[in-house]
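Okay, structure first, notes after.
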Amino acid sequence: MTTTLTCEPLAATVGAEVRGVDARQLAQDDAVAGAVLEALETYGVLVLRGLDLDPHSQVAFGRRLGQIDLEPGHHPVPGIYRVTLDTSKNASADYLRATFAWHMDGCTPLHGEPPQKATILSAKAVALAGGQTEFASTYAAYDALGDEDKARFAAIRVVHSMEYSQRHVVTDPTPEQLERWRQRPSSVHPLVWTHRDGRRSLVIGVSAGRVVGTDPDSGSALLADLLDHATAPGRVYRHEWQVGDTVIWDNTGLVHRATPYPRHSPREMLRTAVFGTEPIQ
């Protein structure tokens, strides 16, 4: 049996609010999960306001979308990663400051695994100031390019690394910080990802630091221009979080970022990552 979701678009090129679906259906109904995957292909980001999805139900829902990441996430429920700047709740909180810049998850994998297919994020506590999450479609960004640029970018390859991401927020790193960042291998990806279904998206964001075969300054300028192109006014959906909201996004065709919020903020999000099955190529 097929299920069709009621989706109301939120921005010109990305995002839709889903209505008429409850937490039980997400956790238990495979047809609803299939409809979510279909809607993600169309809208990129799905917003379910006031869902109040508990951690166990969130994990159950994630399993219906695919295989989920069960690595320890500073939370008692396997499959949940606690997103907070409070180091008493997440010992790796300092790394999360890099998420204030536009990025795509999974561009610097440990073992060459594909980027995450989808991410589920639920709000347990929100920031008093800042802490919104913004999204922009890199499918739409590619589609908006001229034919000459599409042809030129087809052969470009880009180096991604954790060091590039972290230098965005730590401008004068210590030798110890550099050593930790460099323990994670860098990756080289095509600038244009040709997906199995024939769609194309740009692989850009803060982890992208160097264009192969190009001098550093001109390569950095190109990557910055493309990111500005993708995140231009009118192409971004900004989610104003309320406690109980859940947002799901197609990580393979988006960049996203959190707007800055204070280190002492109560903001706490619970994230479930669904492993990808398609390498960047």
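Things to note:
- Residue, modelled with the highest pLDDT, within the range 17-33, restricted to residues that are in a strand (DSSP E or B) and either of a type in the set (A, V, I, L, M) or more than 20 Å from Ala136 (Cβ to Cβ) (or both): Val18
- Residue match in the range 168-182 (condition: modelled with pLDDT under 95 and touching a Lys or Arg at 6+ places or on another chain (Cβ under 6 Å)): yes
- Scanning the range 193-205 for residues that are closer than 13 Å to Leu254 by Cα and among the β-branched types (Val, Ile, Thr) returns Val203, Ile204.
- Residue ID - farthest from Leu85 (Cα to Cα), chosen from residues in the range 261-281 that are surrounded by 20 or more Cβ atoms within 10 Å (Cβ to Cβ) and among the hydrophobic types (A, V, I, L, M, F, W, C): Ile280
- Residue check for Ser122: surrounded by fewer than 16 Cβ atoms within 10 Å (Cβ to Cβ) and of a type in the set (Ser, Thr, Tyr): no
- Identity of the residue in the range 74-110, among the hydrophobic types (A, V, I, L, M, F, W, C) and either farther than 29 Å from Ser137 by Cβ or touching a Cys at 6+ places or on another chain (Cβ under 6 Å) (or both), that ends up modelled with the highest pLDDT: Val77
- Residue list for the range 74-100, filter: aliphatic (A, V, I, L, M), surrounded by fewer than 18 Cβ atoms within 10 Å (Cβ to Cβ) and part of a loop (DSSP other than H, G, I, E, B): Val77, Ala91
- Taking the range 160-208 as the region of interest, the strands (runs of 3 or more DSSP E) fully inside it that hold 2 or more residues being closer than 18 Å to His256 by Cβ are 200-202.
- Leading residue by the ranking (surrounded by the fewest Cβ atoms within 10 Å (Cβ to Cβ)) among those in the range 144-166 that are in contact (Cβ under 8 Å) with a residue 12 or more places away in the chain and among the charged types (D, E, K, R): Lys150
- Of all the listed residues (Val14, Val47, Val36), the sole one being surrounded by 15 or more Cβ atoms within 10 Å (Cβ to Cβ), modelled with pLDDT of 95 or more, in a loop (DSSP other than H, G, I, E, B) and of a type outside the set (Lys, Arg) is Val14.
- Test: Glu179 is free of Cβ contacts under 8 Å to residues at least 12 places away in the same chain and within 23 Å of Arg235 (Cα to Cα): no
- Of all residues in the range 48-62, those satisfying the criterion of being farther than 11 Å from Phe275 by Cβ and not hydrophobic (A, V, I, L, M, F, W, C) are Arg49, Gly50, Asp52, Asp54, Pro55, His56, Ser57, Gln58.
- Leading residue by the ranking (surrounded by the fewest Cβ atoms within 10 Å (Cβ to Cβ)) among those in the range 58-71 that are over 18 Å from Val83 (Cβ atoms) and without any contact (Cβ under 8 Å) to a residue 40 or more places away in the chain: Arg63
- Verdict on Thr133 being on the phi < 0 side of the Ramachandran plot, touching a Leu at 6+ places or on another chain (Cβ under 6 Å) and buried (at least 16 other Cβ atoms within 10 Å of the Cβ): no
- Residue match in the range 164-179 (condition: closer than 13 Å to Cys107 by Cα and either among the small types (Gly, Ala, Ser) or under 21 Å from the mean Cα position of the chain (by Cα) (or both)): yes
- Residues in the range 184-226 that are among the small types (Gly, Ala, Ser), closer than 24 Å to Phe100 by Cβ and out of contact with any helix residue (DSSP H, G or I) (no Cβ under 9 Å at 6 or more places or on another chain): Ser187, Gly219, Ser220, Ala221, Ala224.
- Condition check for Pro233: surrounded by fewer than 21 Cβ atoms within 10 Å (Cβ to Cβ) and in contact with a helix residue (DSSP H, G or I) (Cβ under 9 Å, 6 or more places away or on another chain): no
The values are calculated or read from the model by the stated rules, or taken from the named source; none is laboratory data. No experiment lies behind these values; they were computed from the predicted model shown. Reconstructed Cβ throughout: ideal geometry from the backbone, glycine too, with neighbour counts over all protein chains shown.
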